[in-house]
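**Student:** After the structure tokens below, expect a handful of questions from me.
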Amino acid sequence: MKKYILFIALLLFLTGCGKVLLTQRQQLLLVSDYDMRALGSQQYQEILSKSKVVRDTNDYQRVLRVGNRIAGAVDDFARSQGIEEYTMGYKWEFNLIDDNKAMNAFCLPGGKIAVYTGLLPVTKDDTGLAVVLAHEIAHALAKHGEERMSHILLLEFGGATLSNAIKEQPEETKKNLLLAFGIGANVGVLLPYNRLQESEADRIGLSMMAYAGYDPHVALALWSRMEKLETSRPPEFLSTHPLSSERIKAIKEEIPEAMKYYRLYK
């Protein structure tokens with residue numbers, strides 16, 4: 001059985017692989033961008049319908065301002081590098097959810113982003129918020145959700161297509177989609193990406209915020225604030241983005257690469 005699964009995994013990998021933006025790591029992708037964008041949008045609307053969405057406040061304007069600036073830079077970067085396929089079909093949307101206990105943010109496939117008000121006291125200003133938004137957007141650009149769903153389809157459904165999985169086991173597939181998107185059953189609860197995906201999101205996020213004109217050095221100050229909270233009142237963000245000396249060291253080492261993209265975005 002194990003040999004059969006390994007054979008199927010190898011076959012699917014050879015026929016359904018892609019490469020992560022910037023890192024060029026090969027990844028297994030068995031789901032289409034179109035399907036994941038559609039499902040991401042559907043799940044996003046469901047989350048918003050169950051949440052108190054904030055409008056017409058200074059905090060909301062900050063989320064919108066920083067988010068749109070990074071999104072514009074990401075689109076410009078993709079065009080300039082001839083890799084428009086990474087953002088093709090994206091319809092960026094930013095929302096602020098009123099929940100002071102949730103120190104979190106997420107980005108679903110297709111560019112659907114939400115920030116919880118509990119995170120804003122930690123990010124403090126536009127650049128601090130840019131660190132978080134760029135990191136979450138990086139997960140979507142790197143197709144980490146698609147990758148996780150592909151692994152689930154392989155292990156749970158023997159490599160079945162997403163449409164067949166939805167048709168045959170709708171409830172189980174919905175739960176797996178939430179897992180792939182990094183969202184728990186309860187609104188405001190996020191599920192961790194693996195260490196490799198987190199590292200990729202750090203690296204890509206730093207470069208994208210720099211390309212948008214935000215100083216990536218501020219990432220170190222943000223993570224330092226997070227580190228102080230870790231021992232007193234650990235925010236939910238740290239359960240999915242665990243701190244470590246190795247991680248902070250890696251971010252320091254990645255800043256010079258990000259600075260190559262640093263400019264005032266217009």
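**Student:** Would a scan of region 114-128 turn up a residue that is farther than 24 Å from residue 263 by Cα, in contact with a Cys (Cβ under 9 Å, 6 or more places away or on another chain) and modelled with pLDDT of 95 or more?
**Tutor:** Step one: list which residues in region 114-128 are farther than 24 Å from residue 263 by Cα, which gives 114-122.
Restricting the remaining residues to those that are in contact with a Cys (Cβ under 9 Å, 6 or more places away or on another chain) gives 114.
Then drop every residue that is not modelled with pLDDT of 95 or more, which leaves 114.
There is at least one residue in region 114-128 that is farther than 24 Å from residue 263 by Cα, in contact with a Cys (Cβ under 9 Å, 6 or more places away or on another chain) and modelled with pLDDT of 95 or more.
**Student:** What pairs can you find where one residue is in region 216-227 and farther than 18 Å from residue 136 by Cβ and modelled with pLDDT under 90, the other is surrounded by fewer than 21 Cβ atoms within 10 Å (Cβ to Cβ) and of a type outside the set (Ser, Thr, Tyr), and their Cβ atoms are less than 7 Å apart, with a gap of 6+ or different chains?
**Tutor:** Listed by first residue and then by second, the contacts come to 227/243.
**Student:** Does residue 137 meet the test of being of a type in the set (A, V, I, L, M, F, W, C) and in a helix (DSSP H, G or I)? Can you show your working first?
**Tutor:** Values: of a type in the set (A, V, I, L, M, F, W, C): yes; in a helix (DSSP H, G or I): yes.
For residue 137, the condition - of a type in the set (A, V, I, L, M, F, W, C) and in a helix (DSSP H, G or I) - is met.
**Student:** Report every pair of residues separated by at least 6 positions or lying on different chains whose Cβ atoms are under 7 Å apart, first residue within region 44-59 and within 23 Å of residue 177 (Cα to Cα), second part of a loop (DSSP other than H, G, I, E, B) and β-branched (Val, Ile, Thr).
**Tutor:** 47/187; 50/187; 51/187
**Student:** From the list 48, 29, 21, 64, pick out the single residue that is surrounded by 21 or more Cβ atoms within 10 Å (Cβ to Cβ) and of a type in the set (A, V, I, L, M, F, W, C).
**Tutor:** Exactly one of 48, 29, 21, 64 is surrounded by 21 or more Cβ atoms within 10 Å (Cβ to Cβ) and of a type in the set (A, V, I, L, M, F, W, C), namely 21.
**Student:** May I ask you to verify whether residue 129 is out of contact with any Ser or Thr (no Cβ under 9 Å at 6 or more places or on another chain), in contact (Cβ under 8 Å) with a residue 24 or more places away in the chain, part of a helix (DSSP H, G or I) and of a type in the set (A, V, I, L, M, F, W, C)?
**Tutor:** Values: out of contact with any Ser or Thr (no Cβ under 9 Å at 6 or more places or on another chain): no; in contact (Cβ under 8 Å) with a residue 24 or more places away in the chain: yes; part of a helix (DSSP H, G or I): yes; of a type in the set (A, V, I, L, M, F, W, C): yes.
Considered against the rule, which asks whether it is out of contact with any Ser or Thr (no Cβ under 9 Å at 6 or more places or on another chain), in contact (Cβ under 8 Å) with a residue 24 or more places away in the chain, part of a helix (DSSP H, G or I) and of a type in the set (A, V, I, L, M, F, W, C), residue 129 comes out as no.
**Student:** Taking residue 76 and the conditions (1) at negative phi; (2) part of a loop (DSSP other than H, G, I, E, B); (3) charged (D, E, K, R), which numbered condition does it fall short on, given that it satisfies the others?
**Tutor:** (2)
The values are calculated or read from the model by the stated rules, or taken from the named source; none is laboratory data. This structure is a prediction, so every number in the text was calculated from the model and none was measured. Every residue, glycine as well, gets a Cβ built from its backbone with ideal geometry; the counts of neighbours run over all protein chains shown.
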